[in-house]
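Values quoted throughout were computed directly from the atomic coordinates according to the rules given, and no laboratory measurement underlies them. Every value quoted in this text rests on a predicted model; they were computed, and no experiment measured them. Every residue, glycine among them, receives a Cβ derived from its backbone with ideal geometry; neighbour counts consider all protein chains shown.
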Amino acid sequence: MNPPTELDRHAPLPVLDASNVQGDLVSLKTDVVVVGSGAGGATLAYELARAGKSVIMVEAGRYVRSKDFSEHLPDMFAKTYQDGGGQTNADGDIMIVQGRCVGGSTVVNGAVCFRTPEAALRDWRDEFGLVDMTTERLAPIFEALERRLGVHVNGAHEISGNSRVLLQGCEALGWSAHPVSRNVKDCALSGFCFHGCASDRKQSALVTHVPWAMAHGAKVLADTFVERVRFEGRRAVGITGQMRDPFTGEIKARVHIDAERVVVAAGPIQTPLLLFRSEVKDQGGHLGRNLALHPSVLITADMEQEVMGHRGASVGACCDAFVEPGAGRFLFEGGMPSPEVLALHLPAHGEEHAETMLRYPHIAATACLIWDRNNGSISYDGKVKSIDYRLGDEEKARLRLGLAAGARIFLAAGARSVFLPTPTATRIRSPEEVGNVISALSLDPGTMQMISYHPQGTCRMGADPARSVVGPDGAVFGYEALYVADASLLPTAILLNPQMTVYMMAARVAARMLGQ
Amino acid sequence: MDAACAHGGAAWVRIGPRGLRTLTAADASAYGPLVSETPQAPHDPSLEGALRRTLQPWTRRRVIVGAGLAGLTVLLGFRACAPRVSTEARPGLPSLTGTQLAIFERLFALMIPTRLGALVPVANVPVLANADAAVARLTPEVRLLLQRAMLAFDLGAIVTSGEGTRFINLGDDAAAAYLSQWQHGGEIRRAAYGGMRQVVMLSYYSDPAAWVPLSYDGPVTESRGIVRLGHAPLPEV
Ligand SMILES: Cc1cc2nc3c(=O)[nH]c(=O)nc-3n(C[C@H](O)[C@H](O)[C@H](O)COP(=O)(O)OP(=O)(O)OC[C@H]3O[C@@H](n4cnc5c(N)ncnc54)[C@H](O)[C@@H]3O)c2cc1C
């Protein structure tokens with residue numbers, strides 16, 4: 001095993017992409033090819049590379065350097081988000097955001113870090129036979145990851161005005177709320193986590209696991225969409241893909257990689273799609289099913305006091321009073337949008353709209369995220385994906401509770417008005433109105449603006465091939481040398497933000513691949 | 001109310017799927033797959049996605065849409081409803097049709113009223129240029145959806161505004177009342193309203209010229225001289 005060669009921290013990574021590829025065929029051979037360079041793919045690639053394996057990460061999105069992070073959302077959507085930020089469920093009422101760039105969703109995420117909650121681990125052990133997934137046994141993996149990635153509880157200076165409103169409201173109501181942990185080092189408080197951290201303080205895969213894996217010899221191909229996993233019989237032997245110019249769409253090179261083992265870590269929507277395209281069939285018919293979206297709504301409020309919500313860390317605090325089973329199972333996290341996004345959450349147009357927009361310095365916002373059952377699915381007709389997901393009655397009931405609690409938090413903190421994200425914004429002015437307004441909402445498709453930041457669960461892990469797609473070691477049942485290592489593994493939804501869980505699962509899969 | 005106009009409008013509303021072209025899956029596929037699994041084309045996918053979402057009822061249903069709408073309205077006597085404002089295409093704004101420009105001009109004034117003086121006047125923000133640039137980056141399919149929704153919005157006023165004329169000809173109060181009808185109307189009208197509103201809000205509020213009265217700082221890393229840290233050093237664990 002060769003010692004790592006530390007890369008120049010400020011030089012571009014030596015990524016092969018459409019701008020520098022030579023010839024029209026890239027043909028490579030490696031121990032392990034990893035599809036996707038996000039939370040799962042990059043973590044696994046680093047673990048394998050530092051154990052001496054030759055690794056190639058293949059990434060569909062662009063290699064965008066932080067110096068090109070413009071802090072302008074429409075531009076960053078186009079550069080770094082799946083479908084340019086336009087991905088939705090089939091009904092079109094839930095925007096499903098995912099990163100699509102070297103580093104994947106970690107580049108654009110809110111940096112909030114939670115260990116996997118015990119309630120989820122208990123289900124995974126009891127229902128899916130993942131017997132070694134106990135809080136105690138996973139603790140050393142989380143500890144190592146947290147040290148590597150600079151995870152810490154936000155200090156006082158990382159609590160923005162927006163998060164302070166959340167904390168104040170919860171304190172007035174006696175509801176549990178506190179600063180969140182984040183994987184950020186020396187936060188510059190720019191407030192642009194979701195646009196990509198332009199000063200490399202967020203410890204996304206772009207500045208951690210990807211360069212670290214490369215320091216251990218891993219290679220990265222960007223602009224390269226993997227079309228198929230190749231098989232000999234039931235053994236995965238490599239991948240084929242296309243490298244395209246991201247600006248013109250022109251194919252620059254065909255990509256053909258032979259590998260001893262193939263790991264798919266393309267995220268919970270794209271992983272099943274790639275496996276469908278590769279004609280992978282699972283015994284229980286669960287591939288692409290059991291999708292949870294962990295849907296969220298943005299609740300906004302016009303406060304008496306000036307909040308300047310866009311200044312400071314993107315996410316400072318959370319309210320976890322309702323997280324546990326039996327307590328409602330929803331969660332609040334602060335997060336203030338830029339004006340063009342906020343405008344679509346406030347009264348629709350005209351004088352009322354203008355007056356409310358002028359209150360921008362007084363506006364506070366919080367996302368309410370709700371726990372959901374794994375009732376969605378991904379399908380593919382050979383050309384077009386479909387993400388079929390609707391709120392069930394249970395999720396609707398939970399959402400009503402969440403909207404009511406969110407309104408109460410802001411009103412308790414002194415809000416003049418609270419706005420619920422119906423298409424043209426529903427206004428609540430007093431605690432007395434909350435019940436009536438919320439019970440009058442239909443919550444039928446198209447009546448609420450929702451966002452999913454945390455899709456998960458489409459290739460679930462478990463001990464029983466009849467109920468799961470992937471075994472406890474990360475290998476796809478019924479195939480050899482084919483693994484999954486991303487958010488699609490999560491057997492049931494976790495209510496808390498999932499990135500740490502994805503890192504942990506990928507690290508475990510890597511350990512199993514290394515025979516540990 | 002002008003009889004020919006009323007008849008024309010009513011005919012359009014009633015003929016519906018039989019008399020006018022409807023948008024079918026075949027139409028849509030002529031412009032390429034709805035969401036291709038191949039790498040993204042060089043369009044502006046953010047507005048594209050938002051509009052695709054909002055205008056979805058216009059694709060999902062067999063909606064009255066008019067590639068033939070304009071022609072038909074002429075046949076039915078729309079000439080009597082000639083625009084009272086310019087519907088000429090404008091140099092420097094190649095992507096919006098003349099009618100769209102006229103509609104957007106009214107919409108900006110109605111949706112973001114700046115006469116109270118506190119918001120930056122719409123005239124001081126390059127809203128039409130921004131809208132034109134945004135529309136230029138849409139796929140042909142979504143661009144056409146938006147165009148059709150806007151045309152239906154404009155012409156629908158002949159029948160339902162009570163003034164017997166197009167939206168772009170309406171006085172301020174009638175135009176505001178008509179816009180509110182679409183905001184609170186059925187699914188199809190709400191979708192058209194939502195799509196137009198998205199373009200209007202994006203074109204105004206994403207422009208730095210509009211940010212000062214909002215106290216929104218915009219990008220800060222360069223202006224504050226925040227130092228880039230580069231890749232993190234190799235970890236010990
Ligand atoms: C805006 C946003 C905010 C979030 N905030 C938080 C937060 O604060 N805390 C938290 O815990 N989690 C957060 N998340 C979620 C978290 O980032 C994800 O759960 C996690 O990154 C998922 O990891 P993954 O490996 O499954 O997928 P990703 O990290 O999304 O990586 C998948 C990669 O695979 C690539 N890919 C897809 N298809 C192909 C193909 N065919 N060929 C090649 N490459 C392909 C994609 O381009 C992508 O780069 C957020 C996510 C988003 C989008």
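Note the angle between two axes, namely the Cα long axis of helix A:135-148 and the longest principal axis of the Cα atoms of chain A, as a number of degrees from 0 to 90, rounded to the nearest 10. Helix A:135-148 sits roughly 90 degrees off the main axis of chain A. A helix-only calculation puts the protein assembly as shown at -10500 deg cm²/dmol for mean residue ellipticity at 222 nm, using -39500 (n - 2.57) for each DSSP H run of at least four residues, averaged over all residues.
Model label points for A:Arg416 and A:Ser386, set 7 angstrom from Cα along the Cα-to-Cβ axis, are 4.7 nm apart. Ranking A:Phe114, A:Tyr503, A:Pro14 by how far each Cα lies toward the positive end of the dipole of chain A (charges on Cβ) leaves A:Pro14 at the top.
A simple charge model with +1 on the Cβ of Lys and Arg, -1 on the Cβ of Asp and Glu and nothing else charged puts the dipole of the stretch A:383-475 at about 300 debye relative to its Cα centre. Note on the protein assembly as shown: with charges restricted to the Cβ of Lys and Arg (+1) and Asp and Glu (-1), its dipole about the Cα centre is near 1000 debye.
Could you tell me how many degrees, from 0 to 90 and to the nearest 10, lie between the Cα long axis of helix A:499-513 and the main elongation axis, the longest principal axis, of the Cα atoms of chain A? Once rounded, one gets 20 degrees.
Please give the FRET efficiency for A:Glu260 paired with A:Ser176, using the beta carbon to beta carbon distance and R0 = 35 Å, rounded to the nearest 0.05. It comes out at approximately 0.10. Note on A:Ala463/A:Ala440: beta-carbon distance plugged into 1/(1 + (r/R0)^6) with R0 of 41 Å gives a FRET efficiency of 0.35.
Kindly flag which residue pairs out of A:Lys281/A:Lys385; A:Lys67/A:Lys185; A:Lys29/A:Lys67; A:Lys219/A:Lys252 have an alpha-carbon separation exceeding 22 Å in this structure. Exceeds cut-off: A:Lys29/A:Lys67. Counting Cβ atoms of other protein chains within 10 Å of each residue's Cβ and taking the mean over peptide A:68-77 gives 4.
With the charge dipole of the stretch B:106-230 set up from +1 on Lys and Arg Cβ and -1 on Asp and Glu Cβ about the Cα centre, the Cα lying farthest toward the positive end among the listed residues B:Ala176, B:Phe108, B:Ser215 is that of B:Ser215. List the residues whose amide H sits under 5 Å from the amide H of A:Asp91, counting only those 5 or more places along or on another chain, with H placed 1.01 Å from N in the peptide plane. Counting only residues 5 or more places away or on other chains, the set is A:Tyr389.
Near the amide H of A:Asp320, within less than 5 Å, lie the amide hydrogens of A:Ala177, A:His178, all on another chain or at least 5 residues away, with H placed in the peptide plane. Cross-link partners of A:Lys383 among lysines, defined as those whose alpha carbon lies under 16 angstrom from its own and excluding same-chain residues fewer than eight positions apart, are absent.
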